[in-house]
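This report concerns only the one structure given below.
The values are calculated or read from the model by the stated rules, or taken from the named source; none is laboratory data. A quick note: this is a predicted structure, and the numbers were derived from the prediction, not measured. Here the Cβ positions follow ideal geometry from the backbone for every residue, glycine too, while neighbour counts run over all protein chains shown. Quick note on the areas: whole protein, heavy atoms, side chains included, nothing else; ligands and nucleic acids left out. Shrake-Rupley method; radii C 1.70, N 1.55, O 1.52, S 1.80 Å.
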Amino acid sequence: MKLDMKRPAGNLYSIYAMVLAVFMFALMDTVMKLLTERYPAIQVAALRSLTSLPLVAIYVGVRVGYRDIFKIRWPLHLMRAVLGIAMLTLFAFGIRNLSLAEAYTIFFVSPALITALSVWFLKERVGAARWIAIAVGLGGVLVVLRPSGAGFLTIGGLAILGAAAMYAISAITVGILARTDRSEHMVFWLMVMVAVGASALAVPGWVALSTADLPLLAALSLTGFIGQLAITEAFARGQASSIAPFEYTALAWAVGLDWLLWQTLPDRYTMLGAAIIIGSGLYLLRHEKRHVEAEHP
């Protein structure tokens, strides 16, 4: 019997897809941070899509072909592209001035935004357990930011906050598009539109690429490709309100990468906040597993 991918079993599959996506995007964001030291933020946003586009094109051709590639809901795809360009540009600008851990903690407002929007636009039912877990996770974010919330008042912090809002709206758009459009088509057109749009905006201030950065561009291509496939699958097959909290696992990767590349270690408040955030995500995973076991003994 075929499973309904919007049921808890689908949520569990989507959670694993989200964890993979978060890991890939943590690596991709590290590459983007390195590139923003030498290139404008909008150019880095363009490179993110340009480098992944060939892999996406091959993947779509092999998996589903191009016969129905133009049979899509164009207004929503164009909306996703605009949101994607804005999100990537703001995020690239923000991580130029912040550590990955700082950027991610601010970005973690997105799961709460996604959950709220999913109730309104996707008509999802959010149980008390999810709301509590999300509230606990946001409490962990506040621990990292300190009670003063000074991180929100920097230009970099505001840029990341704007990127989080763009991401939340885009995630809800994926949930709506999944009712009619293939996930492969969603990935393909997002890459194409963002590549074209961001490149057009970047042309006036384009900085010539250095051959020394080719390994970074190759890494950007691979991590962006895998991450985009995984996150599109996650939001297309599962409930957005169940999947979004697993964005919190990014903090663990950010702390490790900050230490490995920039010798920056988080203080005790960041570590405490990270423990709270990751704990809330693990609780939700256990909650979803119990649902799967109850319905499919």
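Given the conditions (1) in contact (Cβ under 8 Å) with a residue 12 or more places away in the chain; (2) within 27 Å of LEU177 (Cβ to Cβ); (3) open to solvent by less than 50 Å² (accessible area, probe 1.4 Å), and given that TRP131 satisfies all but one, which numbered condition is not satisfied?
(3)
Return the total of residues in the stretch 1-32 being among the hydroxyl-bearing types (Ser, Thr, Tyr) and either surrounded by fewer than 21 Cβ atoms within 10 Å (Cβ to Cβ) or modelled with pLDDT under 85 (or both).
Kept after step one, since they are among the hydroxyl-bearing types (Ser, Thr, Tyr), are these residues of the stretch 1-32: 13-14, 16, 30.
Pick out the ones that are also either surrounded by fewer than 21 Cβ atoms within 10 Å (Cβ to Cβ) or modelled with pLDDT under 85 (or both) and you get 13, 16.
Matching residues across the stretch 1-32 total 2.
Which one of these is in a loop (DSSP other than H, G, I, E, B) and either in contact with a Lys or Arg (Cβ under 7 Å, 6 or more places away or on another chain) or of a type in the set (A, V, I, L, M) (or both): ILE42, ILE69, ILE15, ILE58? Walk me through it before giving the result.
Numbers: ILE42 fails: in a loop (DSSP other than H, G, I, E, B); ILE15 fails: in a loop (DSSP other than H, G, I, E, B); ILE58 fails: in a loop (DSSP other than H, G, I, E, B).
Just one listed residue meets the conditions, ILE69.
Mind counting the residues in the stretch 81-118 that are charged (D, E, K, R) and buried (at least 21 other Cβ atoms within 10 Å of the Cβ)?
Of the stretch 81-118, the ones charged (D, E, K, R) are 96, 102.
Restricting the remaining residues to those that are buried (at least 21 other Cβ atoms within 10 Å of the Cβ) gives 102.
Number of matching residues: 1.
Those residues that are hydroxyl-bearing (Ser, Thr, Tyr), at pLDDT 75 or above and open to solvent by less than 60 Å² (accessible area, probe 1.4 Å), I need them from the stretch 269-297; list them, please. Full working, then the answer.
Initial filter on the stretch 269-297 (hydroxyl-bearing (Ser, Thr, Tyr)): 269-270, 280, 283.
Cutting the leftovers down to at pLDDT 75 or above gives us 269, 280, 283.
SER280, the sole residue that qualifies.
Report the residue count in the stretch 58-79 for those that are closer than 22 Å to ALA159 by Cα and at pLDDT below 95.
So the count comes out to 0.
Here's the yes/no breakdown for (1) farther than 21 Å from ALA274 by Cβ; (2) in contact (Cβ under 8 Å) with a residue 40 or more places away in the chain; (3) of a type outside the set (Asp, Glu); (4) in a helix (DSSP H, G or I):
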site: THR89; (1), (2), (3), (4): yes, yes, yes, yes
site: ILE106; (1), (2), (3), (4): no, yes, yes, yes
site: PRO111; (1), (2), (3), (4): no, yes, yes, yes
site: VAL119; (1), (2), (3), (4): yes, yes, yes, yes
site: GLU124; (1), (2), (3), (4): yes, yes, no, no
site: ALA163; (1), (2), (3), (4): no, yes, yes, yes
site: ALA171; (1), (2), (3), (4): yes, yes, yes, yes
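What residue, among those in the stretch 231-268 that are free of Cβ contacts under 8 Å to residues at least 12 places away in the same chain and either in contact with a Leu (Cβ under 6 Å, 6 or more places away or on another chain) or not in a helix (DSSP H, G or I) (or both), is surrounded by the most Cβ atoms within 10 Å (Cβ to Cβ)?
Here is the first cut: in the stretch 231-268, the residues free of Cβ contacts under 8 Å to residues at least 12 places away in the same chain are 256, 259-260, 263, 265, 267-268.
With the extra rule that they be either in contact with a Leu (Cβ under 6 Å, 6 or more places away or on another chain) or not in a helix (DSSP H, G or I) (or both), the set shrinks to 259, 263, 265, 267.
Working: TRP259: 14, GLN263: 7, LEU265: 11, ASP267: 9.
The qualifying residue surrounded by the most Cβ atoms within 10 Å (Cβ to Cβ) is TRP259.
Does the stretch 171-193 hold any residues that are closer than 22 Å to LEU55 by Cα and open to solvent by 80 Å² or more (accessible area, probe 1.4 Å), and which are they?
The one that is closer than 22 Å to LEU55 by Cα and open to solvent by 80 Å² or more (accessible area, probe 1.4 Å): ARG182.
For the stretch 33-69, give me each residue that is closer than 15 Å to LEU209 by Cβ, open to solvent by 20 Å² or more (accessible area, probe 1.4 Å) and not polar (S, T, N, Q).
LEU34, GLU37, ARG38, PRO40, ILE42, LEU50
For residues that are modelled with pLDDT of 90 or more and among the polar types (S, T, N, Q), scanning just the stretch 135-179, find the one that is nearest to the chain's Cα centre (by Cα).
The residue in question is SER170.
Would you check if PHE121 is open to solvent by 30 Å² or more (accessible area, probe 1.4 Å) and more than 22 Å from PRO245 (Cβ to Cβ)?
On the way: open to solvent by 30 Å² or more (accessible area, probe 1.4 Å): yes; more than 22 Å from PRO245 (Cβ to Cβ): no.
The answer is no for PHE121.
For residues in the stretch 194-226 being surrounded by 12 or more Cβ atoms within 10 Å (Cβ to Cβ) and hydroxyl-bearing (Ser, Thr, Tyr), which is farthest from TYR59 (Cα to Cα)?
Taking the stretch 194-226 first, the residues surrounded by 12 or more Cβ atoms within 10 Å (Cβ to Cβ) are 194-202, 206, 209, 213, 216-226.
This time we only want the ones that are hydroxyl-bearing (Ser, Thr, Tyr), so: 199, 221, 223.
Details: SER199: 22, SER221: 13, THR223: 14 Å.
Across the stretch 194-226, the extreme among qualifying residues is SER199.
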